[in-house]
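Comments concern the structure below.
The values are calculated or read from the model by the stated rules, or taken from the named source; none is laboratory data. Bear in mind the structure is a predicted one, so any value in this text is a computation, not a measurement. Quick reminder, even Gly has a Cβ in these numbers, built from the backbone with ideal geometry, and neighbours come from all protein chains shown.
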Amino acid sequence: MMYEIEPHLYLSNITAAKNQQLLQQNIISIVLTVDAQPLGGSGGEIENIYIEMNDDLKTNLVEKLPQCIDVIEDCVMEKRNILVHCHAGVSRSASVVIAYVMKSRGLSLRHASDHVKSRKQDVMPNPCFMYQLQVFEKMGCKLEKESTFYKELMVKFDQQEKISQAINAGDYWSIKEQESASNNNKEIKKRITYKCRSCRILLFTSEALSEDHAENAKECTSLYLLEPLDWMKKAMNADIQGKINCFKCSGKLGMFNWSGRTCSCGMWITPSFQVQKSRVDHSFPK
Ligand SMILES: [Zn+2]
Ligand SMILES: [Zn+2]
């Protein structure tokens with residue numbers, strides 16, 4: 001099955017990309033492969049362009065979008081049909097097609113992705129790609145390596161890399177201890193305190209929270225800790241994801257996920273140590 005997203009632009013998976021009959025039926029003249037491996041083996045009259053791309057949380061999609069979009073633009077302008085595909089036609093190739101629609105039609109990410117989904121319902125970029133499409137939108141559908149949005153993305157990749165290395169080496173906590181030792185002489189600011197709603201024990205202060213989700217900073221039902229607190233360590237073990245419970249009464253507070261999560265407000269958080277606002281009471285400094 002092949003899905004026409006825009007005139008001359010088709011989206012599908014590897015099975016369709018290898019189906020000569022289907023390619024001929026849709027008069028495809030270029031196949032753009034965004035996958036971990038080249039398509040291989042077709043030959044014939046159909047041109048195949050390969051751009052290497054993995055479907056994971058550390059692939060820099062934004063960096064590859066301009067090249068992919070150029071290929072599609074050239075082809076559509078010449079009124080030739082192009083098929084963009086990856087393995088499943090759900091995450092990588094769909095992200096490329098969404099980015100192209102966003103740019104060529106001047107649509108917001110939301111509208112572009114709704115449009116693509118209206119043509120192919122199972123489209124679902126992975127959370128990291130979704131976040132990068134947001135970055136691409138903010139950069140005006142261009143790659144602006146000097147923009148703050150791109151720099152923030154690089155910081156996230158960096159953090160993720162460091163964390164996964166540390167987890168693999170089993171020494172995440174010792175790195176954290178070194179960092180906090182060097183931060184000891186930080187000025188103590190006025191801070192909001194957060195207590196467990198069930199047992200009233202003090203859990204953390206606003207200093208431990210990520211600023212983009214701090215109290216009143218965002219309409220959202222969640223708060224995010226910058227890093228796991230000492231009392232969480234024992235319960236977390238070496239797990240990649242799990243629950244965060246109150247250390248005193250064991251009441252549920254939220255969830256952690258080292259690979260990150262998409263918040264209910266649409267923001268991608270990585271790593272994610274989420275606390276539901278409804279599970280804690282806050283009080284402002286006197
Ligand atoms: Zn409690
Ligand atoms: Zn949120």
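Quick rundown of the values:
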{"quantity": "Residue among 202, 229, 209 that alone is within 25 Å of the chain's Cα centre (by Cα), within 16 Å of ligand 1 (Cβ to nearest atom) and not assigned by the TED database to the domain that holds residue 127", "calculated": "229"}
{"quantity": "Test: residue 92 is surrounded by fewer than 20 Cβ atoms within 10 Å (Cβ to Cβ) and either modelled with pLDDT of 95 or more or touching a Leu at 6+ places or on another chain (Cβ under 6 Å) (or both)", "calculated": "no"}
{"quantity": "Residue check for residue 260: closer than 22 Å to residue 161 by Cα and without any contact (Cβ under 8 Å) to a residue 24 or more places away in the chain", "calculated": "no"}
{"quantity": "Residue that is more than 28 Å from residue 147 (Cα to Cα), assigned to a helix (DSSP H, G or I) and not aliphatic (A, V, I, L, M), where the choices are 15, 33", "calculated": "15"}
{"quantity": "Answer residue from segment 245-258, given it is away from ligand 1 (no atom under 16 Å from the Cβ) and in a strand (DSSP E or B) and is nearest to the chain's Cα centre (by Cα) among those", "calculated": "257"}
{"quantity": "Selection from segment 186-245 of residues that are farther than 18 Å from residue 283 by Cα and aromatic (Phe, Trp, Tyr)", "calculated": "231"}
{"quantity": "Whichever residue in segment 36-50 is assigned to a strand (DSSP E or B) and over 25 Å from the mean Cα position of the chain (by Cα) and, among such residues, is nearest to residue 80 (Cα to Cα)", "calculated": "47"}
{"quantity": "Odd one out for residue 198 among (1) modelled with pLDDT under 85; (2) away from ligand 2 (no atom under 16 Å from the Cβ); (3) small (Gly, Ala, Ser)", "calculated": "(1)"}
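Matching residues to (1) at pLDDT 80 or above; (2) more than 16 Å from ligand 1 (Cβ to nearest atom); (3) of a type in the set (Phe, Trp, Tyr); (4) in a loop (DSSP other than H, G, I, E, B):
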site	(1), (2), (3), (4)
150	yes, yes, yes, no
166	no, yes, no, no
179	no, yes, no, no
189	no, yes, no, yes
218	no, yes, no, yes
243	yes, no, no, no
